[in-house]
1. Those residues that are over 23 Å from Val133 (Cα atoms), of a type in the set (D, E, K, R) and in a loop (DSSP other than H, G, I, E, B), I need them from the range 20-56; list them, please.
2. For the range 65-100: of the residues being in a helix (DSSP H, G or I) and in contact with a Lys or Arg (Cβ under 6 Å, 6 or more places away or on another chain), which is farthest from Asn13 (Cα to Cα)?
3. Looking only at the range 152-182, which residues are part of a loop (DSSP other than H, G, I, E, B) and more than 19 Å from Lys17 (Cα to Cα)?
4. Need the failing condition index for Leu54 against (1) buried (at least 20 other Cβ atoms within 10 Å of the Cβ); (2) out of contact with any Asp or Glu (no Cβ under 7 Å at 6 or more places or on another chain), just the number.
5. Quick one: would you say Arg125 is of a type in the set (Lys, Arg), outside any helix (DSSP H, G or I) and out of contact with any Ser or Thr (no Cβ under 9 Å at 6 or more places or on another chain)?
6. Answer yes or no: is there a residue in the range 35-45 that is surrounded by fewer than 22 Cβ atoms within 10 Å (Cβ to Cβ), touching a Ser or Thr at 6+ places or on another chain (Cβ under 8 Å), in contact (Cβ under 8 Å) with a residue 12 or more places away in the chain and aromatic (Phe, Trp, Tyr).
7. Restricting to the range 128-151, name every residue that is within 16 Å of Leu78 (Cα to Cα) and not in a helix (DSSP H, G or I).
8. Is at least one residue of the range 2-19 out of contact with any helix residue (DSSP H, G or I) (no Cβ under 6 Å at 6 or more places or on another chain), farther than 19 Å from Asn153 by Cβ and in a helix (DSSP H, G or I)?
Amino acid sequence: MLYIIRHGKTDWNLRHKLQGRTDIPLNEEGRQMAIEAGERYKDTHFDVCYCSPLIRARETAGLLLKDRDVPVVIDDRLKEMGFGIYEGEEEIFGKPECPVRELFFNPAGYVAQDGAESLEELFSRTGSFLKEVAYPQVKEGKDVLIVGHGAMNSAIICQVLGKPVDKLWEVGIENCRLITLI
């Protein structure tokens, strides 16, 4: 089986700030969410966990898998999508001038600029991870968990489910909700 989960909440989530690759830790609510997810999913078997190197994902993996003998492997391809100079920008849904806003309303029309990562780049690196790491292990019968982020997880979900980029947000990526992909 292949599972995916998004990290717990951070202060930037609460303030509706674009995090991207900015390394923001979980807040107390996020830590509690990860602990509760660990309890909620305690009977779900994982052979291995692959995790983003960002602290909010690593903290989530550690709390979720606490007291379980599941190795956590960090993979840079699981970092959140980079938003360039727009990381830290608040309330972008109300700022039509912010180019990253387009990603959330019209992903197929999103054009990366000012140091932001494109969807093509995001899909390329997450697709590489799926092809080289996740799929072979699932084929061997292993239960694989991915701990990551909103946009990065959505890119993986689209690829696994064969959805086009305009359906990037269709599944919805709630904090600390486990999604079974295959």
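The values are calculated or read from the model by the stated rules, or taken from the named source; none is laboratory data. What you see is a predicted model; the values in this text were computed from it and never measured. Ideal geometry is used to build each Cβ from the backbone, glycine not excepted, and the neighbour counts take in all protein chains shown.
1. Asp23, Lys42, Asp43
2. Step by step, filter the range 65-100, then rank; the result is Arg77.
3. Across the range 152-182, the qualifying residues are Gly162, Lys163, Pro164, Leu168, Glu170, Val171, Arg177, Leu178, Leu181, Ile182.
4. All conditions are met except number (2).
5. On the way: of a type in the set (Lys, Arg): yes; outside any helix (DSSP H, G or I): no; out of contact with any Ser or Thr (no Cβ under 9 Å at 6 or more places or on another chain): yes.
Against the criterion (of a type in the set (Lys, Arg), outside any helix (DSSP H, G or I) and out of contact with any Ser or Thr (no Cβ under 9 Å at 6 or more places or on another chain)), Arg125 does not qualify.
6. No: the range 35-45 contains no residue that is surrounded by fewer than 22 Cβ atoms within 10 Å (Cβ to Cβ), touching a Ser or Thr at 6+ places or on another chain (Cβ under 8 Å), in contact (Cβ under 8 Å) with a residue 12 or more places away in the chain and aromatic (Phe, Trp, Tyr).
7. Val144, Leu145, Ile146, Val147, Gly148, His149
8. For the range 2-19, residues out of contact with any helix residue (DSSP H, G or I) (no Cβ under 6 Å at 6 or more places or on another chain), farther than 19 Å from Asn153 by Cβ and in a helix (DSSP H, G or I): present.
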